[in-house]
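Here is the structure we will look at, set down as C-alpha cells.
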Amino acid sequence: MTKAAMNPQQSLTQRLANPTRFMELSGRVLPWLAAAAALLIAYALYLVFFVAPDDYQQGQTVKIMFIHVPAAWLGMLGYALIAVSSFGYLVFRHPLADVSAKAAAPLGAAFTFLALATGSLWGKPMWGTYWVWDARLTSMLILLFLYFGLMALRSAIEDDALAGKLCAVLGLVGVSILPIIKFSVDWWNTLHQPASVIRLDGPTIHPDLLWPLLYSAVGFSLLFFALHTKGMRNEILRRRLRSLTMAEVDRARTVSATAAAE
Amino acid sequence: MSAFWTLLKRDLLLQVREGGAVGTALGFYLVVVTMMPLGLGPDLNLLSRIAPGVLWIALLLSALLSLPRIFEADDEDGSLEVIATGDLPLELATAAKALAHWISTGIPLALLAPVLGLLLNLELSAYPVLVATMLAGTPAISFLGAVGAALTLRVRRGGLLLALLVLPLYIPTLIFGIAAISAATGGPSGFQASFLILSAISLFSLVIGPVAAAAAIRFQTQ
C-alpha cells in the first residue's frame, strides 16, 4: 500500500485517490482547516454582533442572514459535491469518490435543513408566518427531500459497494433533474402568486453588512470542508475495520471447519 | 429492434393475463379521489376548483403503486438476468418495460380521469385538456419511475423507499400538468407553452430513464 502511494508513475489524482495517501494528507490538513474555520466564524460572529449595524427596517432579525445565507449556499454545494463524486465513482471507479459522496449527503442535508429552519425563524417576524410557498423555500425543501432519498437508499442496501454504485446513479439522475425542478418551481410560483417578498440583492447590500457575510460564508465553507474531510476519514476507517472483522470471521470459520474435519 | 417489440408485447400480455395489476391501480385511483370530498367537504365549488390538482396527485400515487411491478417479477424468476445478458442492449430492454408500464397503467389512468372529474364537478371545457396533459405527462412517470424501481429492486420492502426517491422527481410534471390545465380553463394565457414543456419533460425522461435504470440493474445482476 505504502509502496503504491510513493510510485512516481502515477498522476496526481491517482496518488490522492489512494486511501492511505489520503489518510496521511488529510490527517495533516484537517487540524489547520478546523482551526481556520473556528477563527473565521468567531471573527464573523464578532462583526455580526458588535460591528455590523441593524437593518433600519428589519432591526436585529437581519442577523439571521449571516447564518442563513451560508447555510443555503452550502446546502446546494453539498449536492454539487455529491454529483461530482458520483460521476467520479461511476466513470473512474475511484473508491474515494464514493466515500466523498457518502460523507457529503448528511452534511448537505444538515445545512439545507439549517437554511430552512433559520429561514422560517426569519420569516416569522418579517412575513408574519413561519412558512411561505416562495419559490426559493420550496426548491430548498425539495433539495432536502433529494438528500433524504439518497441517504435512505444507501442505508437500505447492506452491500457497501452496491449501495455506492446505486447512490451514484441516483445522484446523477437527481442533479440532471434539479435544474428542471428549480425552473418549474419558479414558474409555479409566478403563476400562483406575484413576488411578494422584498429580498436583499447582492449589489444593493451595504458594505457594513456585506463583509461580515463574506467572512461568515468563507468560515462556514471551511467548516463544511473540515467536516467533510473528517467524515471521509471516519468512513475509510469504518471500512477498514469492517474488512478486518470480515477477515477475522473468515479465519475463525476455517479454523473451526478444520477442527470439525479432524 | 424486433427483440424490443417482442419484449414489449410479452410485458403487455403478462399485464393483461396476470390480471389485477391494471385493475388495482384504477381501483386505487377511484378510492383516493373518492376520499377527497369526504375529507374536504361536499362543497361543489371548492371541489371544482381543486379538481385538476386532486386528479393529478391521485394519478401520481396510483402510478407509483404499480411501479415495482416493472422489474420485480422478472427479477424473481430470473428472466431479468437472461434479458440483461441477451443481445438487446439493456437500455432498450428497460425502455420496453417502462413503455409497457405506460401503456398498461399510464394510459388507462389518464382515460379514467374524466370519469372521476365528474365526481369532482370539473368544468366540462377542461376534460379534453385534462386527458391531453395526462397523456403527455404520464410517460415521465413511467420512465423516471423505472429508475426508482430499478434502484430499489433488491431492497426488501422497497415500496416506501421508491416513493421517497421518485416523488420529488415528479414535481416538474405535476406543476406543468396543472399549469396547462389552468391556462386552458381561463387562467393566465400560455397553455401551449406549459403543454410543450410538459412534453419536453416526458421526452427528457424517455432518454435519461432507461439509461439510469439499465445501469442500476447491471450493478445488481452482475
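The values are calculated or read from the model by the stated rules, or taken from the named source; none is laboratory data. Predicted model, so just to flag it, every value in this text is computed and none were measured. In this analysis, Cβ positions are derived from the backbone assuming ideal geometry, glycine residues included, and neighbour counts consider all displayed protein chains.
Brief remarks follow.
- Verdict on B:LEU116 being outside any helix (DSSP H, G or I) and under 30 Å from B:LEU46 (Cβ atoms): no
- Residues located in the stretch A:110-135, provided they are modelled with pLDDT under 80 and either under 16 Å from A:LEU146 (Cα atoms) or of a type in the set (S, T, N, Q) (or both): A:THR129
Yes or no, residue by residue, for (1) farther than 23 Å from A:TRP188 by Cβ; (2) touching a Leu at 6+ places or on another chain (Cβ under 6 Å); (3) away from every other protein chain (no Cβ under 11 Å):
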{"position": "A:PRO70", "(1), (2), (3)": "yes, no, yes"}
{"position": "A:GLY88", "(1), (2), (3)": "yes, no, yes"}
{"position": "A:PHE92", "(1), (2), (3)": "yes, no, yes"}
{"position": "A:SER100", "(1), (2), (3)": "yes, no, yes"}
{"position": "A:THR118", "(1), (2), (3)": "yes, no, yes"}
{"position": "A:LEU137", "(1), (2), (3)": "no, no, yes"}
{"position": "A:PHE145", "(1), (2), (3)": "no, no, no"}
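- Flag not set for B:VAL147, criterion: at the interface with chain A (Cβ under 8 Å from one of its Cβ atoms), surrounded by fewer than 24 Cβ atoms within 10 Å (Cβ to Cβ) and closer than 28 Å to B:GLU81 by Cβ.
- Matching option when the condition is touching a residue at least 24 places away in the same chain (Cβ under 8 Å) and of a type outside the set (S, T, N, Q), among A:ALA104, A:ALA117: A:ALA104
- Matching entry among B:VAL166, B:VAL129, B:VAL211 (being over 28 Å from B:ALA93 (Cα atoms) and of a type in the set (Val, Ile, Thr)): B:VAL129
- Subset of the stretch B:168-207 [within 8 Å of chain A (Cβ to nearest Cβ) and out of contact with any helix residue (DSSP H, G or I) (no Cβ under 6 Å at 6 or more places or on another chain)]: B:SER182, B:GLY187, B:PRO188, B:PHE204
- Only one entry of B:LEU47, B:LEU38, B:LEU14 meets the criterion of being exposed (fewer than 12 other Cβ atoms within 10 Å of the Cβ), over 16 Å from the mean Cα position of the chain (by Cα) and hydrophobic (A, V, I, L, M, F, W, C), and that entry is B:LEU38.
This table checks each residue for (1) among the hydroxyl-bearing types (Ser, Thr, Tyr); (2) modelled with pLDDT of 90 or more; (3) more than 19 Å from A:THR112 (Cα to Cα).
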position: A:LEU209; (1), (2), (3): no, no, yes
position: A:LEU213; (1), (2), (3): no, no, no
position: A:LEU222; (1), (2), (3): no, yes, no
position: A:ALA226; (1), (2), (3): no, yes, no
position: A:LYS230; (1), (2), (3): no, yes, yes
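- For the condition in contact with a helix residue (DSSP H, G or I) (Cβ under 9 Å, 6 or more places away or on another chain) and at pLDDT 85 or above, A:LEU191 does not qualify.
- Some residue of the stretch B:122-131 being out of contact with any Lys or Arg (no Cβ under 9 Å at 6 or more places or on another chain), assigned to a loop (DSSP other than H, G, I, E, B), more than 14 Å from every other protein chain (Cβ to nearest Cβ) and free of Cβ contacts under 8 Å to residues at least 24 places away in the same chain: yes
- Residue in the stretch B:176-186 that is more than 24 Å from B:GLU81 (Cα to Cα), modelled with pLDDT of 90 or more and surrounded by fewer than 22 Cβ atoms within 10 Å (Cβ to Cβ) present: no
A quick yes/no check of all residues on (1) within 26 Å of B:ASP11 (Cβ to Cβ); (2) surrounded by fewer than 22 Cβ atoms within 10 Å (Cβ to Cβ):
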{"position": "B:ALA95", "(1), (2)": "yes, no"}
{"position": "B:ILE107", "(1), (2)": "yes, yes"}
{"position": "B:LEU118", "(1), (2)": "no, yes"}
{"position": "B:TYR127", "(1), (2)": "no, yes"}
{"position": "B:LEU130", "(1), (2)": "no, no"}
{"position": "B:GLY137", "(1), (2)": "yes, no"}
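- Checking each residue in the stretch A:136-160 for being modelled with pLDDT of 85 or more and among the aliphatic types (A, V, I, L, M) picks out A:MET140, A:LEU141, A:ILE142, A:LEU143, A:LEU144, A:LEU146, A:LEU150, A:MET151, A:ALA152, A:LEU153, A:ALA156, A:ILE157.
- Lone qualifier among B:GLY159, B:GLY106, B:GLY117 - being among the small types (Gly, Ala, Ser) and within 14 Å of chain A (Cβ to nearest Cβ): B:GLY159
- Count of the stretch A:147-181 residues which are crowded, with 20+ Cβ neighbours inside 10 Å, more than 9 Å from chain B (Cβ to nearest Cβ) and over 19 Å from A:SER100 (Cβ atoms): 0
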